[in-house]
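The values are calculated or read from the model by the stated rules, or taken from the named source; none is laboratory data. All values reported here derive from a predicted model rather than from experimental measurement. Here the Cβ positions follow ideal geometry from the backbone for every residue, glycine too, while neighbour counts run over all protein chains shown.
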């Protein structure tokens with residue numbers, strides 16, 4: 001009973017510290033992702049399943065590849081939670097410049113790659129505007145994360161809502177028909193460009209004149225553990241749809257893609273808490289060990305509860321959600337979505353433990369675990385996609401998350417998280 005009261009006290013204080021920021025971040029991500037999902041649903045209902053599968057295949061492949069020029073700088077910015085505002089602006093300016101030039105080189109590589117990919121699955125007319133949009137989204141995300149470190153969550157949420165609402169409205173007014181999926185890819189790319197422009201201008205205006213830049217070598221050295229982590233994360237979260245696209249074609253992508261998109265949409269709940277908690281954990285780790293572990297335990301409990309609720313709801317209502325959203329043509333996607341429901345619970349715990357590891361200087365351990373999970377995911381998917389198909393790919397996804405959970409738990413429990421967070425009250 002005493003321990004229960006102590007855990008309740010920890011969770012209560014944790015929620016008191018971050019609840020408002022969590023709601024703001026969740027509102028921004030939720031409305032943005034929700035309106036994006038509605039835009040994709042509108043498109044799915046207006047074009048053929050093959051066209052929709054082509055777009056999902058192109059977007060997923062580019063999301064997988066863009067991690068290379070991103071260099072892990074997004075998490076690196078968030079992990080700078082212990083720095084003052086001026087240091088964050090120096091970090092942002094240096095990281096933005098480096099990423100911009102790397103993305104230009106990446107654009108040339110993708111253009112060449114689009115010439116040799118199967119045109120029936122990866123049409124170049126979809127690849128190019130989607131690539132340009134991915135570049136803009138990458139630069140915008142870096143800026144958003146620098147704002148989050150400065151606790152400007154409301155500003156981020158405002159921009160997210162405005163531009164996702166614009167995408168939804170324009171998509172609805174476009175009244176697409178069969179054969180016009182490329183129009184949507186152009187619309188989304190243009191919205192991403194405008195979003196970047198409106199985010200970039202106030203950030204540049206707020207910089208101190210004569211602000212120095214960090215040397216690229218210094219940044220790369222500091223961000224090195226995050227680079228491999230980003231690559232690994234992209235593999236075990238996005239390689240599955242790309243593999244399905246290659247081996248099962250756009251038809252398979254049209255079945256698996258909607259279920260994966262809906263699952264990823266619900267990641268906004270644990271991701272919002274992660275984005276708020278990580279900078280705070282970084283500060284507390286540098287100042288007070290006991291406070292760090294208490295806060296870490298509090299966010300782990302909250303993540304676990306919210307993840308369990310999401311998983312149970314999706315297991316119960318997944319087919320209905322897909323039917324209402326996408327229509328009867330996507331009935332198989334509803335079954336796939338239900339099978340993915342355990343991922344929501346496991347992923348929530350992984351977000352919580354991942355924040356503790358990153359803030360607590362265990363990023364190298366976290367990266368190693370992610371690499372192991374990514375290698376398992378990639379090899380298992382390649383072996384299983386032909387004989388078992390989409391069901392096998394989903395089970396590989398679940399086991400990949402379980403591997404992460406086991407790996408993340410080892411150093412946390414070695415540091416006696418439970419004992420330090422409860423007994424040191």
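In region 42-57, which residues are assigned to a helix (DSSP H, G or I) and either surrounded by fewer than 22 Cβ atoms within 10 Å (Cβ to Cβ) or over 21 Å from the mean Cα position of the chain (by Cα) (or both)? Residues satisfying the conditions are 42, 43, 44, 45, 46, 49, 50, 51, 52, 54.
For every residue, the table says whether it meets (1) outside any helix (DSSP H, G or I); (2) modelled with pLDDT of 90 or more; (3) in contact with a strand residue (DSSP E or B) (Cβ under 6 Å, 6 or more places away or on another chain); (4) crowded, with 18+ Cβ neighbours inside 10 Å.
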| residue | (1), (2), (3), (4) |
| --- | --- |
| 345 | no, yes, no, yes |
| 350 | no, yes, no, yes |
| 358 | no, no, no, yes |
| 366 | no, no, no, yes |
| 369 | no, yes, no, yes |
| 374 | no, no, no, yes |
| 382 | no, yes, no, no |
| 393 | no, yes, no, yes |
| 396 | no, yes, no, yes |
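So that you can scan it fast, the table gives a plain yes or no per residue for (1) touching a residue at least 40 places away in the same chain (Cβ under 8 Å); (2) more than 30 Å from residue 52 (Cβ to Cβ); (3) in contact with a helix residue (DSSP H, G or I) (Cβ under 8 Å, 6 or more places away or on another chain):
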residue: 291; (1), (2), (3): no, yes, yes
residue: 300; (1), (2), (3): yes, yes, yes
residue: 304; (1), (2), (3): yes, yes, yes
residue: 307; (1), (2), (3): yes, no, yes
residue: 348; (1), (2), (3): yes, no, yes
residue: 355; (1), (2), (3): yes, yes, yes
residue: 365; (1), (2), (3): yes, yes, yes
residue: 374; (1), (2), (3): yes, no, yes
residue: 386; (1), (2), (3): yes, no, yes
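I need the full set of residues from region 223-244 which are at pLDDT below 80 and over 16 Å from the mean Cα position of the chain (by Cα), in order please. Matches in region 223-244: 223, 224, 225, 242.
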